[in-house]
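The values are calculated or read from the model by the stated rules, or taken from the named source; none is laboratory data. Please read these numbers as outputs of a predicted model, since none were measured by experiment. Note: ideal-geometry Cβ built from the backbone for every residue, glycine included; neighbour counts use all protein chains shown. These accessible areas exclude ligands, DNA and RNA; they are computed on the full protein's heavy atoms, side chains included. Shrake-Rupley method; radii C 1.70, N 1.55, O 1.52, S 1.80 Å.
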Amino acid sequence: MKENLNFFLKRLSQKLWFKPLIFCLLSISGALIAHLADDTFLADIVPEIEKSSLEDLLSTISGIMLVIAIFAVGSMLSAFSAASGSATPRSFELIVSDDVSQNALSVYIGSFIFSIVAEIALKNGFYGKAGYFILFLLTILVFIMVILTFLRWVERISKLGRLGHTIKKIEDATTEVLQKRIDEPLMGGIPLQNRMDKGTPVFGDQIGYIQYINIARLQELAETYGVLFSLNSLQGSFTTPDKPLLYVVSPQINYSAIEEEKLLGAFVIDDNRSFHDDPRFGFIALSEIASRALSPGINDPGTAIAIIGTYVRLFVLWLEKDKKGYPEKIKYNKVEVPENTLSDMFDDAFRPIARDGANNIEVMLRLQKALTTIAYVGSNEIKDLALSHSRQSYKRAELVIEHKNDLEVLYEECFFVKK
């Protein structure tokens, strides 16, 4: 239940309207709740606040906040456009969900709504002596919050949309989902079994990417019908009506007895991939940035080298999965879950850079060193993958690098030579 709630809260938080709406509701509540103080003992002890001073203060806030909110939206849109143009359009989801920017916009709009509602209530005699005092305190609090938020937001907006900041956001999102997979490689399910008869396939009715799988709901349905579910696709997979989402494994029940709508309801499918539960998507987004940087029009090998360094950190983190030393806790014993394929993650990360940076000796050297580092801290499977990619990368470079000395230097750094 907690995991499902986290997913849907994540999706909501990516909507630009969500936090401003929450702040608006809080602002309206704050402006009206000050009236309750008039019926308490505060009316006898608080100092008297001039109505005109409150009106002037609220009028100033309402006049300024709308302008600042419009300015904030314009700045954020410029940052979104810059991120999509200089990095990759796939980063848009992370830039939009930037907490500091969303909080700033929420505070500006919420302050504007607060001042308007409070000013209307004030002019219509809604408050008494205690209400004036509480409203005055709330107004000062809002004013301080606006100033502090603006100072923090100015520092963030100077980075938002910058290439380095975008890369860091993608790395952080990928690290988060990799850590989830390290803790639960099978998402609490059981390992996928190799069997001749996979079972009865269940096909979806949508075309798109799987963003989320509700394993708890599948477990509940499996227990209800006395069956075993075997997942055929993970988050990030592109699904079509001819590709099974899962298989129903049981000789004891006819598949038609299971309500297909409930099964399909366990899968959230959208037109786009999401960073939330898809570890491969982060590698793909970073590779797109590296490929863009290595294009002749951009010619920025430094960015590609920085991303290779990011890959080293991510893969070394992922290798912690093999070093945990304790079995994963099984929460869903009726759902078989395949593991993320390491070879696919290597292809997502290193193949585009090896292809687009083959003619750049600095990028190729850094790539070979990265593969060597990852291989030495990993298992035999990692070593085999690093060996294969090391050979492929060198062959690509051999076809386009004309300077013999560069090739000799690169050859000496190759993992397949050092191993």
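Quick notes on this structure:
- The set of residues from the stretch 102-135 being among the polar types (S, T, N, Q) and more than 25 Å from V154 (Cα to Cα) comprises just one member, N124.
- Residues in the stretch 341-364 that are modelled with pLDDT under 90 and either surrounded by 20 or more Cβ atoms within 10 Å (Cβ to Cβ) or aliphatic (A, V, I, L, M) (or both): L342 only.
- Yes/no for L367 being under 30 Å from the mean Cα position of the chain (by Cα), closer than 19 Å to I289 by Cβ and either surrounded by 14 or more Cβ atoms within 10 Å (Cβ to Cβ) or modelled with pLDDT of 95 or more (or both): yes
- Breaking point among (1) within 20 Å of the chain's Cα centre (by Cα); (2) touching a residue at least 24 places away in the same chain (Cβ under 8 Å), for I68: (1)
- Scanning the stretch 349-386 for residues that are under 24 Å from I170 (Cα atoms) and outside any helix (DSSP H, G or I) returns G357, V377, G378.
- Extreme residue, modelled with the lowest pLDDT, among residues of the stretch 39-91 that are of a type in the set (A, V, I, L, M) and open to solvent by 50 Å² or more (accessible area, probe 1.4 Å): I45
- Residue-level check: of (1) assigned to a strand (DSSP E or B); (2) on the phi > 0 side of the Ramachandran plot, E336 misses just (2).
- Selected residue (criterion: nearest to N340 (Cα to Cα)) from residues of the stretch 220-234 that are open to solvent by less than 10 Å² (accessible area, probe 1.4 Å) and either modelled with pLDDT under 90 or over 32 Å from the mean Cα position of the chain (by Cα) (or both): S233
- Of all residues in the stretch 264-292 being among the basic types (K, R) and assigned to a helix (DSSP H, G or I), the one that is nearest to P241 (Cα to Cα): R280
- Any hit, the stretch 192-213, residues being in contact with a Phe, Trp or Tyr (Cβ under 6 Å, 6 or more places away or on another chain), surrounded by 15 or more Cβ atoms within 10 Å (Cβ to Cβ), not in a strand (DSSP E or B) and not hydroxyl-bearing (S, T, Y): yes
- Residue in the stretch 125-133 that is outside any helix (DSSP H, G or I), among the small types (G, A, S) and open to solvent by 40 Å² or more (accessible area, probe 1.4 Å) present: yes
- One residue stands out in the stretch 154-191 among those that are in a loop (DSSP other than H, G, I, E, B) and free of Cβ contacts under 8 Å to residues at least 60 places away in the same chain: the one that is least open to solvent (accessible area, probe 1.4 Å), namely S158.
- If you go through the stretch 214-243 and keep only what is touching an Asp or Glu at 6+ places or on another chain (Cβ under 6 Å) and not in a loop (DSSP other than H, G, I, E, B), you end up with just S230.
- For the stretch 94-117, a residue qualifies if it is closer than 17 Å to K168 by Cα and open to solvent by 40 Å² or more (accessible area, probe 1.4 Å), and exactly one does: D99.
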